[in-house]
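One structure is given below, encoded as structure tokens.
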Amino acid sequence: MRIIHTSDWHLGQHFYGKSRAREHQQFLNWLIEQSQVQQIDAIIVAGDIFDTGTPPSYAREMYFDFIAKLHQTCCQLVVLAGNHDSVAMLGESQKLLQQLSTRVISAVSDNIAEQVFVLESLKTDQQAVICAIPFIRARDIVKSYAGQSASEKQRSLQQAITSHYQSLFAHAQTLSVENQATDTRLPIIATGHLTTIGASVSESVRDIYIGTLEAFPASEFPAADYIALGHIHRPQKVTKSEHIRYSGSPIALSFDEANTQKSIVIAEFKDGKLSDVELTHVPCFQPLAMVKTQLDTLSEDIAGVAKTQSTEPVNAKDASNTADIAEKIWLDIEIESVEYLQDLTARIEQIVAELPVEVLLVRRSKKSRQQMPSHEKKITLSELSVQDVFDARMEIEPWETNEQQARKVRLNSLYLEIAEQTQLASAAKPSLDKNSTIDNSSDTKAEQK
């Protein structure tokens, strides 16, 4: 059996005011083509199909259109909900999509058969057991009790997640043996949408804190033949294990992913076990670039990046996997300057007028902002992430006593819960006016209540 492991599509994402619809449609068309060329039996999407819990109508249409077209190729689809996805929205079409060779697992279920099942190829007689685990919300698997310390809550939650994995895996092992047509057991494929300890993240990944648990130890995963993970946008192995992987997102979701080669994972199973894992590169449908520069070299650096991106050679063997990138390059310009020039926007517009680029973000470097005198520290919100704004507010408070430290922990926890609930994507453009400023003077202490 051959499967494609992918994740973190984030359909419906708007990137600093720009729609990603064209890129996403090109990716989905390419993915269907790959499923046919690579003779794939099933595609597993390990969470974050959509960018928000209320995706725009075109994103939903894109999702359903993909499912209908994939069904016609006799390739099955397994969809897991991520932290960005709405449980209700994904769940409402579960039964209908089963008629289109698609299994949707939107949340942890009391019915174990909804999460552990045998997947039968529609093309061959191959089978595999799927141990389907979506994004786990703390309330789904554990209860908190009054008087528990933070460390006790974290330990309790980790144990609950481990137990959930192990209980599902035990059932999967039973199915693996019961459904065998020969003396060979069926391979077991587990999933997950979470952060593991040591994973390399990018700016577009909002930290998942399942309750008080920051990251899950890879050693606690069950001994499945393959574990398909989502949430981290850079493709990578977990603890250097071939069989535990993040596929990464198919398109760059932040500027610091601009130079990351996007890919899908193709896993092949023979004789009841994993036999091969290979990465297939996803074409670049929209070039992004970061320009780190200074005021006196601004023109040269922008022109240099534009020239490099537009003339970058393509290996012959990769030509078929390279998109036609006639689109303008989206730029993030980061300037090393303590001063903020009022005429900078006009100057940059003049520089890029004849270049194949479009500037989406202009900001001073974090180092430059930190070097500014506190009484002059006026920073535009377009230079900050939501996390930066929260951290700036927290820096105003005194955190000296034990009581104050405990309050700091509670506030951080509440912020993370609110960020998850409201789907605050760090790659999204702030809705506040970009010319607004944050004043870090002591006057803002009056806002603490």
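The values are calculated or read from the model by the stated rules, or taken from the named source; none is laboratory data. Quick caveat: nothing in here was measured; it's all calculated off a predicted structure. No Cβ is skipped: glycine too gets one built from the backbone with ideal geometry, and neighbour counts run over all protein chains shown. In case anyone asks, the SASA skips ligands and DNA or RNA and just uses the protein heavy atoms, side chains included. Shrake-Rupley method; radii C 1.70, N 1.55, O 1.52, S 1.80 Å.
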Net charge within 14 Å of ALA224 by Cβ-Cβ distance, Lys/Arg positive one each and Asp/Glu negative one each, not counting ALA224 itself? 0
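Sort 160-171, 224-235 for me by packing, meaning the mean count of neighbouring Cβ atoms within 10 Å per residue, highest on top.
On the way: 160-171: 17.4, 224-235: 25.7.
Final packing ranking: 224-235, 160-171.
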Karplus (6.51, -1.76, 1.60) ³J(HN,Hα), θ = phi - 60°, over region 159-164, in Hz, Gly and Pro reported as x: 5, 5, 5, 4, 5, 4
Once amide H atoms are built 1.01 Å from N in the peptide plane, which residues 5 or more positions from ARG364, or in another chain, come under 5 Å H to H? ILE335
Roughly how many Å² of MET1 are accessible to a 1.4 Å probe, to the nearest 10? 10
Just to confirm a number: summing +1 for Lys and Arg and -1 for Asp and Glu over residues other than GLN76 whose beta-carbon lies under 9 angstrom from that of GLN76, what do you get? -1
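Anything over 21 Å Cα to Cα? Flag those among LYS95/LYS143; LYS69/LYS123; LYS143/LYS237; LYS240/LYS273; LYS153/LYS237, in the order listed. Before the final figure, lay out each step's value.
Values: LYS95/LYS143 30 Å; LYS69/LYS123 16 Å; LYS143/LYS237 32 Å; LYS240/LYS273 18 Å; LYS153/LYS237 28 Å.
As for pairs spanning more than 21 Å Cα to Cα, those are LYS95/LYS143; LYS143/LYS237; LYS153/LYS237.
What is the sum of charges, Lys and Arg at +1 and Asp and Glu at -1, for the other residues whose Cβ falls under 14 Å from the Cβ of SER149? Walk me through the numbers before you get to the answer.
Values: positive: LYS153, ARG155, ARG410; negative: GLU152.
Value of the local net charge: +2.
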Under 5 Å between amide H atoms, partner at least 5 residues away or on a different chain: which partners does LEU11 have, H built in plane at 1.01 Å? PHE50, ASP51
Spelling out what I want: for every residue of region 33-46, take phi, set θ = phi - 60°, compute 6.51 cos²θ - 1.76 cosθ + 1.60 (Karplus), and round to whole Hz; glycine and proline get x. 4, 5, 4, 7, 4, 8, 6, 8, 8, 7, 10, 10, 9, 8
With DNA, RNA and ligands ignored, accessible area of THR184 (1.4 Å probe; Å², nearest 10): 50
Between the alpha-carbon centers of region 260-314 and region 1-45, tell me the distance in whole angstrom. 16
